[in-house]
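Below you'll find the structure, written out as structure tokens, and then a few comments.
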Amino acid sequence: MSSRTDEVSETSRELVTRGKIEVEGRLVDASNVTLFCTIELDGVSGNVVYKPVSGERPLWDFPDGTLAGREVATAMIADASGLGAIPPTVLRDGPFGPGMVQLWIETTEEELVDVRSPESLPDDWRVVLHAHDRDGEPAVLAHANRQGMRELALLDIVVNNTDRKGGHVLAGADGRVYGVDHGICLHTDPKLRTVLWGWIGERLTEDEVGKLRGLRERLDGELGDALGEHLTGFEIRALAERTELLLAEGVFPEPGDDWRAIPWPLF
């Protein structure tokens, strides 16, 4: 990574951490209160997504902590491991109290996950599910075959993401693939639900194994301590065990039989 990239990343993190937030509007498609805001710090401005804890709907199967905290924890894990790109994300005070603040990413119109007819599918895309459309014609759920998406798929396995919809995978204008919306991750029980199943059975690369090993080591140190602000000890232990299992098996796993493996709606 270049020093220029490091500088831009640090500026973005400072902006979301200390900038002044002003609410512009609400993203109405979100199930919890999700606000689109401007942010400014020392003449640098941008946009962020702000999800106040006060606007969260309680979930019976995620009784501990907050959804905002889980989003931040997932971003911390991604940053520490190098698996997947998540926009700079922090837990801080805002106009409606503490909440998650995440840098708004400018995107292109490129679709990375889609439902298409088999004939229109690009050659390098990975098929996840065969189905039929409302007219009875063949259709497939599929996604692009990108390294950034493959790493997001690995991150989802590790953090036990129960809601990786197609709309949560963004083609950034900077050429990177970003993952967003990680509020229902990191449960102790197996709940992996994702549209990124295109690498089932494929072996992990040396680079991926190295990143997973680095993550496992960091969980016994400062990263594990820092995650304790957002997660229970049982959840951190389960995170470590999922990482160990993935390393031991060395391949992308298959969906389990005990839960629905693909989210609905898909986007």
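Between segment 48-80 and segment 142-184, the alpha-carbon centres lie 17 Å apart. Per residue, the solvent-accessible area of segment 140-267 (1.4 Å probe, heavy atoms of protein chains only, all protein chains present) comes to 44 Å².
Take the solvent-accessible surface of the protein heavy atoms, probe 1.4 Å, and return the percent of it on the chain that carbon and sulfur atoms account for. Ligands and nucleic acids excluded, carbon and sulfur give 50 percent. Give me the net charge of Phe234's neighbourhood, meaning all other residues with Cβ under 13 Å from the Cβ of Phe234; Lys, Arg count +1, Asp, Glu -1. After counting each charged neighbour, the total is -2.
Considering only Arg164, Arg203, Arg126, the Gaussian network model of the chain with Cα springs below 10 Å gives its largest mean-square fluctuation to Arg203. Here's the list of lysines a cross-link from Lys191 could span, going by alpha-carbon distance under 24 Å and ignoring same-chain residues fewer than 8 apart: Lys51, Lys165, Lys211. Given a 10 angstrom Cα cut-off, can you work out which residue in Pro88, Pro98, Pro58 is the most mobile in a GNM of the chain? Taking springs between Cα atoms under 10 Å, the residue moving most is Pro58. Each residue of segment 245-251 was assigned a 3J(HN,Hα) from its phi angle through the Karplus curve 6.51 cos²θ - 1.76 cosθ + 1.60 (θ = phi - 60°); the sequence is 5, 4, 5, 5, 7, x, 9 Hz, with glycine and proline shown as x. Its DSSP H runs of at least 4 residues, each contributing -39,500 (n - 2.57), put the calculated 222 nm mean residue ellipticity of the chain at -9500 deg cm²/dmol, to the nearest 500. Sorted into 5 angstrom bins from 0, the C-alpha pair distances of segment 100-162 split as 4, 14, 18, 20, 20, 13, 8, 3, 1 percent.
With N set to the residue count of segment 26-150, report its C-alpha Rg divided by 2.2 N^0.38 Å to two decimal places. Walk me through the numbers on the way to the answer.
Details: Rg = 18.5 Å, N = 125, 2.2 N^0.38 = 13.8 Å.
The reported ratio for this selection is 1.34.
How far is the Cα center of segment 104-128 from the Cα center of segment 226-240, in Å? That distance is 34 Å. Note that segment 17-125 presents 51 Å² accessible area per residue, ligands and nucleic acids not counted, probe 1.4 Å. Estimated at the nearest 10 Å², the accessible area of Lys211 is 50 Å² with a 1.4 Å probe.
The values are calculated or read from the model by the stated rules, or taken from the named source; none is laboratory data. Quick caveat: nothing in here was measured; it's all calculated off a predicted structure. Note that each Cβ is placed from the backbone with ideal geometry, even for glycine, and that neighbours are counted across all protein chains shown. Only protein heavy atoms, including side chains, enter the accessible area calculation; ligands, DNA and RNA are left aside. Shrake-Rupley method; radii C 1.70, N 1.55, O 1.52, S 1.80 Å.
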